[in-house]
Ligand code: ADP
Ligand code: MG
């Protein structure tokens, strides 16, 4: 190229930052730059193959689809050439001068975060092209777009600038010429390159030739019969498709002819990268049609909540020349997604039956996605409910049971499934809501995640049985044998007479005013003196707390209505009836404190300052002093 036509340009500021992170923090994982360049070459070939099915292409259509790698250990250069889609001048500038293609600032922050935690995580991002500067002193990219326009050359040393200028005489595709750094000369060795290709790029669906020799086995593993594929091959493919370093937790390989022709190979990873602070995951399943990649990281092939899956789906029924835009509302795609979703859910249910322990691992890591699915995917709600797991009053701490297990051991006469939310198991077990459940030997789920109540509320019922939160006002538990045994035996404490209790309730309601809809004598408290219950059947205290915290409570038309129930057999309530006669002022303090305590047990907030001051007045009395009204 003539020097006069060459322009020098600055990298976008974010690009420089990414360059910095990649060059410095990935240093120990230098091999992956080869993987990144080969995968870019493969992407470019896939794009070309797809285009050639949609349109007739005249320019260079005889050039075979392949990746060639050449190295020279005298000049310490490495050249990677593909015959893919190539780039126009504009594309060259946007793709290799900015990081706009990778989601820009947000992406950059996540990348920096991941780099701090674990360099292995970076591989998940496909940091891509810039990783070349870990090993390169200089890089030249010569490229010519498939449309047959001019050829261009981009070059940089990974500092602040790059140059761009014309490059005549090129074929379709891209050639990347790397002059290696002194400490990276090994990448000019054929053996090193073969090893890396075999490790990371075996499954690239185009021939990869190192010094003229094909080093990968070009085959679509998902179209082969299960019996022929070894576990090692499956795992290798997972590592390839998921940019993973470890083994998957589950894999599902299946084919179907009806209602649609499908070959699918999908994996569940071991880790949930969203909880590792890496932001929302990209979908991980690629859509193929007759081994041609149609939609990478497809948003259409599976519902959003299954974005944690990695793998491929191949369907011959899709028209080969379908464009990516028309995938979204394509009727076949919708059908395909439905079939696949059902199959994945069924698979998970089978795995849960096969090994409860492995499923427990799955649930701890990905249960949140199943819950997301249950609240967002109406169609699969019932099947998804089978996958739910919670602790319960009968399960051991830390172990979980399914709704089916619960239903299987319901008591005679019990027609509802009960649950109660709490911050942890101990808090729930010490709380007032489970007292009668324990006494009657009725099992109750402990929903220990804030989102759980929304999920169960959304589900409404299971197997024809209503799901009911134990903090509901109108709860009535069935009488059980356990209950009958204890009748009389334990009822030593004589409860307050009905008339006294009714009058006490009325007075307490006056003291508490609007904070409570009503104060009632409880039919279900055993030890605790009082508890708060929800009159609106659909809203639980935990849901209310979350909506309040997120400022959404107004939208839902609440503070929801609540009653306070009191226990006429509790010594505190019995004494309170007397105290009300002898010292009404002090008795009011006790009522207020009872209310605050019950509110805290419901998981809701009280004003701590007011509460502590009152509490000191009560303690002073308890310690034998007189509270001063002044
Ligand atoms: P990603 O592959 O995740 O998009 P990269 O940094 O690896 O990010 O590549 C940036 C972009 O540069 C690609 O999206 C692609 O548009 C372009 N690109 C890179 N290598 C090639 C190539 N060999 N042929 C055509 N385009 C390429
Ligand atoms: Mg890439």
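The values are calculated or read from the model by the stated rules, or taken from the named source; none is laboratory data. Quick caveat: nothing in here was measured; it's all calculated off a predicted structure. Please note: Cβ atoms are built from the backbone with ideal geometry, for glycine as well, and neighbour counts cover all protein chains shown.
Below are the figures for this structure:
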{"quantity": "Residue count, region 67-99 (criterion: buried (at least 18 other Cβ atoms within 10 Å of the Cβ), in contact with a helix residue (DSSP H, G or I) (Cβ under 6 Å, 6 or more places away or on another chain) and in a loop (DSSP other than H, G, I, E, B))", "calculated": "4"}
{"quantity": "Looking only at region 522-540, and only at residues there that are at pLDDT 85 or above and over 14 Å from residue 597 (Cβ atoms), the one that is surrounded by the most Cβ atoms within 10 Å (Cβ to Cβ)", "calculated": "540"}
{"quantity": "Among (1) loosely packed, with under 13 Cβ neighbours inside 10 Å; (2) within 25 Å of residue 420 (Cα to Cα), the one test that residue 613 misses", "calculated": "(2)"}
{"quantity": "Every residue from region 211-223 that is in a strand (DSSP E or B) and either out of contact with any strand residue (DSSP E or B) (no Cβ under 9 Å at 6 or more places or on another chain) or crowded, with 20+ Cβ neighbours inside 10 Å (or both)", "calculated": "213"}
{"quantity": "Any hit, region 195-202, residues being more than 30 Å from residue 233 (Cα to Cα), surrounded by 14 or more Cβ atoms within 10 Å (Cβ to Cβ) and more than 16 Å from ligand 2 (Cβ to nearest atom)", "calculated": "no"}
{"quantity": "Check on residue 519, in contact with a strand residue (DSSP E or B) (Cβ under 8 Å, 6 or more places away or on another chain), at pLDDT 80 or above and either over 19 Å from residue 470 (Cα atoms) or surrounded by fewer than 16 Cβ atoms within 10 Å (Cβ to Cβ) (or both)", "calculated": "no"}
{"quantity": "Search result, residues across region 238-255 that are part of a strand (DSSP E or B) and closer than 29 Å to residue 51 by Cβ", "calculated": "255"}
{"quantity": "Selection status of residue 308, modelled with pLDDT of 95 or more and over 18 Å from residue 40 (Cα atoms)", "calculated": "yes"}
{"quantity": "Within region 27-41, considering residues that are within 13 Å of ligand 1 (Cβ to nearest atom) and out of contact with any strand residue (DSSP E or B) (no Cβ under 7 Å at 6 or more places or on another chain), the one modelled with the lowest pLDDT", "calculated": "32"}
{"quantity": "Filter result (part of a helix (DSSP H, G or I) and either touching a residue at least 40 places away in the same chain (Cβ under 8 Å) or closer than 21 Å to residue 242 by Cα (or both)) within region 183-193", "calculated": "184, 185, 187, 188, 190, 193"}
{"quantity": "Residue within region 167-180 that is at positive phi, surrounded by 17 or more Cβ atoms within 10 Å (Cβ to Cβ) and in contact with a strand residue (DSSP E or B) (Cβ under 7 Å, 6 or more places away or on another chain) present", "calculated": "yes"}
{"quantity": "Criterion: modelled with pLDDT of 85 or more and either under 30 Å from residue 319 (Cα atoms) or assigned to a helix (DSSP H, G or I) (or both) - qualifying residue of 4, 52", "calculated": "52"}
{"quantity": "Qualifying residue in region 120-137 (condition: closer than 18 Å to residue 95 by Cα, within 16 Å of ligand 2 (Cβ to nearest atom), at pLDDT 90 or above and crowded, with 23+ Cβ neighbours inside 10 Å)", "calculated": "yes"}
{"quantity": "Any hit, region 7-20, residues being free of Cβ contacts under 8 Å to residues at least 12 places away in the same chain and assigned to a helix (DSSP H, G or I)", "calculated": "yes"}
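Okay, residues lined up against (1) under 45 Å from the mean Cα position of the chain (by Cα); (2) surrounded by 11 or more Cβ atoms within 10 Å (Cβ to Cβ):
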site: 564; (1), (2): yes, yes
site: 581; (1), (2): no, no
site: 584; (1), (2): no, yes
site: 596; (1), (2): yes, yes
site: 603; (1), (2): yes, yes
site: 624; (1), (2): no, no
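The rows are residues; the columns are (1) closer than 15 Å to residue 77 by Cα; (2) within 14 Å of ligand 1 (Cβ to nearest atom); (3) more than 40 Å from the chain's Cα centre (by Cα).
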residue: 131; (1), (2), (3): no, yes, no
residue: 176; (1), (2), (3): yes, yes, no
residue: 195; (1), (2), (3): no, no, no
residue: 198; (1), (2), (3): no, no, no
residue: 225; (1), (2), (3): no, no, no
residue: 231; (1), (2), (3): no, no, no
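Residue-by-condition table, conditions (1) free of Cβ contacts under 8 Å to residues at least 60 places away in the same chain; (2) in contact with a strand residue (DSSP E or B) (Cβ under 9 Å, 6 or more places away or on another chain); (3) crowded, with 21+ Cβ neighbours inside 10 Å:
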site	(1), (2), (3)
393	yes, yes, no
397	yes, yes, no
404	yes, yes, no
413	no, no, no
421	no, yes, yes
425	yes, yes, no
430	yes, no, no
